[in-house]
Each structure stands twice: as structure tokens, then as C-alpha cells.
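First comes the structure, then the notes that go with it.
The values are calculated or read from the model by the stated rules, or taken from the named source; none is laboratory data. It should be emphasised that the depicted structure is a prediction, and the values quoted were computed from it without experimental measurement. Cβ placement follows ideal geometry from the backbone for every residue including glycine, while neighbour counts extend to all protein chains displayed.
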């Protein structure tokens, strides 16, 4: 019996009907990205400045306070940063639900499209 390689899961966010769901807990972003967002005068705050060598500047900040939604999420469910300048949108946000080219662990909780792929995959295996 041949072992098959685990297929890479590909998520298309444009298929998602609830695109704001992935923003409901905010994100960790690089401090330099936060500075660029502030320089554009976009309404929102940053929280929890921490050292983190995984980020280019060596520091990360949160876009939400504790378990609140991202402060840049507008009432219409769209990102204020994205609306003003997509180029300034944080890498973490652009790449979600991926983290280092793999599905982020938190995607199982936040990503509606990822959850539906998991359910379909499990249903196929039961057949």
C-alpha cells in the first residue's frame, strides 16, 4: 500500500461569506507595520507591545484588546487599513489563514472556509 502525501489545504478567502470572522480576535503585527498604519491616520489603537524575534522589527503589537475584535474592523465588516491602502495592510492579515506557509493553528477557530474544508474532508473519509 502506498502512502500518500498529505495534501496542502488551500483556502480561497473570496469564497467566504463571512470574511470579517477571521478578524474577530485581532492579530499580532510587526511594530513597524503599526507605525505605517498610524502615519496614515487610520482610526484604531494597538495593544500589548512585546518583544518577539519572529517579527522583523523584533517587536509585535496586537490589534485588539484581549478577546475583542480587531480595532480596524469597520461597522460594515471591512478592514479600515485595507480600505485606505492594501499595501500597508499587515502581513499577518494578508496571509491569514496561513502562518509560515502552513494553516495557522488558530484558523481552526477563526476561519469559516477552513472549518468547512475540515468537515467535508471528514465526511469523505467516513464514506
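Tabulated results
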{"item": "Residue list for the range 85-100, filter: assigned to a helix (DSSP H, G or I) and either loosely packed, with under 14 Cβ neighbours inside 10 Å or at pLDDT below 90 (or both)", "result": "86, 87, 91, 92, 93, 94, 95"}
{"item": "Top-ranked residue in the range 15-35 [being assigned to a helix (DSSP H, G or I) and at pLDDT 95 or above; ranked as surrounded by the fewest Cβ atoms within 10 Å (Cβ to Cβ)]", "result": "35"}
{"item": "Enumeration of residues in the range 54-74 that are assigned to a strand (DSSP E or B), more than 13 Å from the chain's Cα centre (by Cα) and either touching a residue at least 40 places away in the same chain (Cβ under 8 Å) or surrounded by fewer than 18 Cβ atoms within 10 Å (Cβ to Cβ) (or both)", "result": "59"}
{"item": "The lone exception for residue 82 - which of (1) assigned to a loop (DSSP other than H, G, I, E, B); (2) at pLDDT 80 or above it fails", "result": "(1)"}
{"item": "Only one of 41, 77 that is part of a loop (DSSP other than H, G, I, E, B) and at pLDDT 90 or above", "result": "41"}
{"item": "Some residue of the range 7-14 being modelled with pLDDT of 90 or more, surrounded by 15 or more Cβ atoms within 10 Å (Cβ to Cβ), in a loop (DSSP other than H, G, I, E, B) and in contact with a strand residue (DSSP E or B) (Cβ under 6 Å, 6 or more places away or on another chain)", "result": "no"}
